[in-house]
Amino acid sequence: MPQTIGTGKKIGILTSGGDAQGMNAAVRAVVRTALSLGADVYAIYEGYQGMIDGGRGIRRFGWDDVGAILHQGGTVIGTFRSAEFRERDGRRKAARNLVEAGIDRLVVIGGDGSLSGLNAFRGEWPELLTELVADRRLTQEQADAHPALMIAGLVGSIDNDLVGTDMTIGADSALHRIVDAIDALASTAASHQRSFVVEVMGRHCGYLALMAAVAGGCDYVLIPENPPAPGWEDKMCVELQRGRKAGRRDSIVLVAEGATDRAGNPITADQVKRIIEERLKEDTRVTILGHVQRGGSPSAFDRWCSTWLGYQAAHEVLSASADTEGPVLGFRGNRVAPVPLMEAVRQTRQVPELIAAGDFEGAMALRGRSFAAMQRIFAELAEPSRVEVGSGAKRIGIVHAGGLAPGMNTAARAAVRLGISRGHTMLGIRNGFVGLRDGQIEEMTWSDVEGWTANGGAELGLRRTIPSVEHLYSISRQLEVHNVDALLVIGGWNAYQSAHLLYTERERYPKFRLPMICIPASIDNNLPGSELAIGADTALNVIVEAVDRIKLSASATKRSYVIETMGRYCGYLALMGGLAGGAERVYLHETGITLEQLGTDVAWLRDSFTKGRRFYLAMRNENASVGYTTDVISRILEEEGGSLYDVRTAVLGHLQQGGSPTPFDRLLATRLVSRGLDLISAELTGGTAESYYVGLVESKVSASPMSQMLTEMDREFRRPKNQWWMELREVVSAVSDAPR
Ligand code: ADP
């Protein structure tokens, strides 16, 4: 893309409708990318109202006007539900003010309402201008200079309610708020053996409630798309009671604000509380999370994803021509993708209509396959009614190996509960393949994994050790003694290599002829067959929080920071942490570091601090270069900067492996384990013993045969040959490098 596609073009950016965390990241990316491409950028304040009001409602923005907003919740340019913009007269005023300012390109971040308003405005634009010329409020020349309005839309909505996009801006942060609250409530509820009923947002969309119920390990969930069948009150109470008998000390019921019964009568949190109190005589409290869900700092995902979306939106709107329809960009299949707006809006609005008409299957279908799958998984995880294991059950071992990844416990819990629910006997293997060799294998019960969802670490223990040839006999023997029929191997590259070793030794050790499924869990995100590994999102959030603190600590001085992230030879954490944390430079092993590049960086840095910069951040992967270590780079910066700034380093280290898993990692763990167990069941039922590694590819759970595993990897540097996120390097440079 030539850097001049923006030359002579003026774009406006606004946020409209409900605010959402991550809107600021998108605004920052649109503004900076457009400036990088040579355009003039105008922020329009208070949504569409700013265009109608004109004057201070439309302000020219420079590079620094969007500095220090990446970490802020809400939207710094304001949002508004403008009644005037719904009227043609209001839109005429808006068109006039835009033309007066020379703006005929517009990026809007908002929900389906805001985006349909945008679409209507674009369609009417020529007529509005004709009317304005007729009324002498614009000259013909002015109108002729702007024959069309070119647009791009981004979906901002914490509800994640737009059909056709996997994630909307703000939904991940809202899930963070909810799951944090559930974790907090769970600990107090457990102390008092109490029940909690928690109401979460979602008038027509149960996304937040359902995902939070799975991620938070809740007992019961009520969502608008799938109202409970008559008699649900009894069923809920029976399940809650069974849960208590099976060892739970707390019960948490989640209610989406739009939940109803099948007759369309609202089900409120208070009503659920009364039912539990009356029928179960349990001390029950209600918590309505309300606007807390909109607030707070955006999650790492909402920062990097919104930055990517904003970058792409700026490109789209600047390369558009008068006859381009103007895309809405969504996030689908783990990529930025155009969403056919009017079709998406039509389907989104169809959901409440289907619910009202009693077509719940239709409503669930519009939410997509993974939503329906999650609903089924939740039922299996939460219902302790299926804890009895029948005779003839297959015995499935769970083993962790490799480095620690947050979410391993969530995966193990899901494996135990889903496995039991599907009629298997689940075996916990302690301390990785060493424990397997030594026979540290025991049957796990439904209640053994109570409370594991939220815990970082790995209760089963793990080792990095890959079995050596001498240990294979003992491993084979233990598999035989304990009658292990299949293995779920959850971990990093060492876990994968261990499984692969057993797989290749099937000829010599017939007991290794059993289905083995590798589940990717590594903060490094360096595993084959999956675009994301369990734990990487948690590590990214840790990095982003650390960066926020570091920035604050440096706010009173002029300072450069070099932060070192983990990742071994995989640059995922450094690049994505840099993107989400707002780093100016990212140093990766994949691209290496040269003296020439450091020279250029230093020259840029000096120039930038001379012009008023106060903070600079470089993110370096721990193995980016042998010679140019974090310390060496910081000394170079220090030496060359003179008195312009001081330099500090921060090696984040094992902090990145700690912490409670994020909602995304918990959901990922649950989905992947569920698929792993499906594969095992299919093999065991069919009497076959194929082995697979599973993962997320373009947001879908996929499985690849073990025989392919090594071909996908760069084995010298232990990372996949193809790394999808490398294309985001250009996004980092577009939003971090002010054009000179
Ligand atoms: P959201 O964008 O979050 O769905 P709303 O539906 O309230 O929120 O829309 C936000 C604003 O977008 C409205 O207040 C109005 O200014 C504008 N808007 C929404 N729908 C239309 C429409 N059909 N025509 C014109 N403007 C609209």
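Ala213: assigned to a helix (DSSP H, G or I), under 18 Å from Thr670 (Cβ atoms) and out of contact with any Pro (no Cβ under 8 Å at 6 or more places or on another chain), yes or no? The answer is yes for Ala213.
Looking for whichever is within 18 Å of the chain's Cα centre (by Cα) and of a type outside the set (A, V, I, L, M) here; the options are His146, His204, His176, His192. Which one fits?
Working: His146 fails: within 18 Å of the chain's Cα centre (by Cα); His204 fails: within 18 Å of the chain's Cα centre (by Cα); His192 fails: within 18 Å of the chain's Cα centre (by Cα).
Just one listed residue meets the conditions, His176.
The set of residues in region 609-628 being more than 26 Å from the chain's Cα centre (by Cα) and more than 15 Å from Cys570 (Cβ to Cβ) consists of Phe609, Thr610, Lys611, Gly612, Arg613, Arg614, Phe615, Tyr616, Val626, Gly627, Tyr628. The residue of region 164-175 that is nearest to the ligand (Cβ to nearest atom), among those that are within 14 Å of Cys205 (Cα to Cα) and crowded, with 20+ Cβ neighbours inside 10 Å, is Thr168. On the given criteria, is Ala143 modelled with pLDDT of 95 or more, touching a helix residue (DSSP H, G or I) at 6+ places or on another chain (Cβ under 7 Å) and either within 16 Å of the ligand (Cβ to nearest atom) or among the hydroxyl-bearing types (Ser, Thr, Tyr) (or both)? Against the criterion (modelled with pLDDT of 95 or more, touching a helix residue (DSSP H, G or I) at 6+ places or on another chain (Cβ under 7 Å) and either within 16 Å of the ligand (Cβ to nearest atom) or among the hydroxyl-bearing types (Ser, Thr, Tyr) (or both)), Ala143 does not qualify. The single condition among (1) within 15 Å of the ligand (Cβ to nearest atom); (2) more than 15 Å from Val31 (Cβ to Cβ) that Ile77 does not satisfy is (2).
Sort through Val255, Val292, Val272 and tell me the only one that's in a strand (DSSP E or B) and either over 30 Å from Glu124 (Cβ atoms) or of a type in the set (D, E, K, R) (or both).
Working: Val292 fails: in a strand (DSSP E or B); Val272 fails: in a strand (DSSP E or B).
Just a single option satisfies the conditions, and that option is Val255.
Taking strands (runs of 3 or more DSSP E) as the structural unit, those lying wholly within region 638-740 and holding at least 3 residues that are not assigned by TED's automatic domain parsing to the domain that holds Asp548 correspond to 692-697, 700-705. The number of residues in region 586-620 that are among the hydroxyl-bearing types (Ser, Thr, Tyr) and in a loop (DSSP other than H, G, I, E, B) comes to 2.
Condition (residue is of a type in the set (D, E, K, R) and within 25 Å of the chain's Cα centre (by Cα)) applied to region 680-693: is it met by at least one residue? Can you show your working first?
Going residue by residue through region 680-693, those that are of a type in the set (D, E, K, R) are 683, 690.
Still in the running and within 25 Å of the chain's Cα centre (by Cα): none.
Within region 680-693 (the criterion being of a type in the set (D, E, K, R) and within 25 Å of the chain's Cα centre (by Cα)), the answer is no, since none of the residues qualifies.
Of everything in region 87-100, what is under 14 Å from Gly50 (Cα atoms), basic (Lys, Arg) and within 13 Å of the ligand (Cβ to nearest atom)? Give them in sequence order. Across region 87-100, the qualifying residues are Arg91, Arg92, Lys93.
Considering region 1-48, and only residues there that are closer than 14 Å to Leu118 by Cβ and more than 27 Å from the chain's Cα centre (by Cα), the residue that is nearest to the ligand (Cβ to nearest atom) turns out to be Tyr48.
Give the residue that is surrounded by the most Cβ atoms within 10 Å (Cβ to Cβ), with candidates limited to residues of region 112-140 that are of a type outside the set (A, V, I, L, M) and part of a loop (DSSP other than H, G, I, E, B).
Residues of region 112-140 of a type outside the set (A, V, I, L, M): 112-114, 116-117, 119, 121-127, 130-131, 135-137, 139-140.
If we keep only those that are part of a loop (DSSP other than H, G, I, E, B) as well, we get 135-137, 139.
Working: Asp135: 10, Arg136: 7, Arg137: 16, Thr139: 12.
Filtering first and then ranking leaves Arg137.
The residues listed here are Gly362, Gly333, Gly310; of these, the one that is without any contact (Cβ under 8 Å) to a residue 60 or more places away in the chain and outside the structural domain of Gly258 (by TED's automatic domain parsing) is Gly362.
If the requirement is being outside any helix (DSSP H, G or I), within 14 Å of the ligand (Cβ to nearest atom), touching a residue at least 40 places away in the same chain (Cβ under 8 Å) and out of contact with any Ser or Thr (no Cβ under 8 Å at 6 or more places or on another chain), which of these qualifies: Ile158, Ile151, Ile103, Ile109?
Numbers: Ile158 fails: out of contact with any Ser or Thr (no Cβ under 8 Å at 6 or more places or on another chain); Ile103 fails: within 14 Å of the ligand (Cβ to nearest atom); Ile109 fails: out of contact with any Ser or Thr (no Cβ under 8 Å at 6 or more places or on another chain).
Unique residue meeting the criteria: Ile151.
If you check Ala95 against the conditions, is it more than 27 Å from the chain's Cα centre (by Cα) and farther than 26 Å from Leu162 by Cα?
Against the criterion (more than 27 Å from the chain's Cα centre (by Cα) and farther than 26 Å from Leu162 by Cα), Ala95 qualifies.
Of the residues examined, Arg59 is one that is surrounded by fewer than 20 Cβ atoms within 10 Å (Cβ to Cβ) and either in the same structural domain as Glu127 (by TED's automatic domain parsing) or within 12 Å of the ligand (Cβ to nearest atom) (or both).
Restricted to region 7-71, the set of strands (runs of 3 or more DSSP E) holding at least 2 residues that are among the β-branched types (Val, Ile, Thr) comprises 10-15, 40-44.
In region 112-136, what count of residues is obtained for those that are within 16 Å of the ligand (Cβ to nearest atom) and over 25 Å from Thr168 (Cβ atoms)? Lay out the reasoning, then the answer.
Kept after step one, since they are within 16 Å of the ligand (Cβ to nearest atom), are these residues of region 112-136: 112-125, 127-128.
Restricting the remaining residues to those that are over 25 Å from Thr168 (Cβ atoms) gives 124-125, 127-128.
So the answer is 4.
Exactly one residue among Arg413, Arg376, Arg422 is over 21 Å from His482 (Cα atoms), of a type in the set (Lys, Arg) and not assigned by TED's automatic domain parsing to the domain that holds Ala213, and that residue is Arg376.
The values are calculated or read from the model by the stated rules, or taken from the named source; none is laboratory data. Everything quoted here is computed from the prediction, not taken from an experiment. Ideal geometry is used to build each Cβ from the backbone, glycine not excepted, and the neighbour counts take in all protein chains shown.
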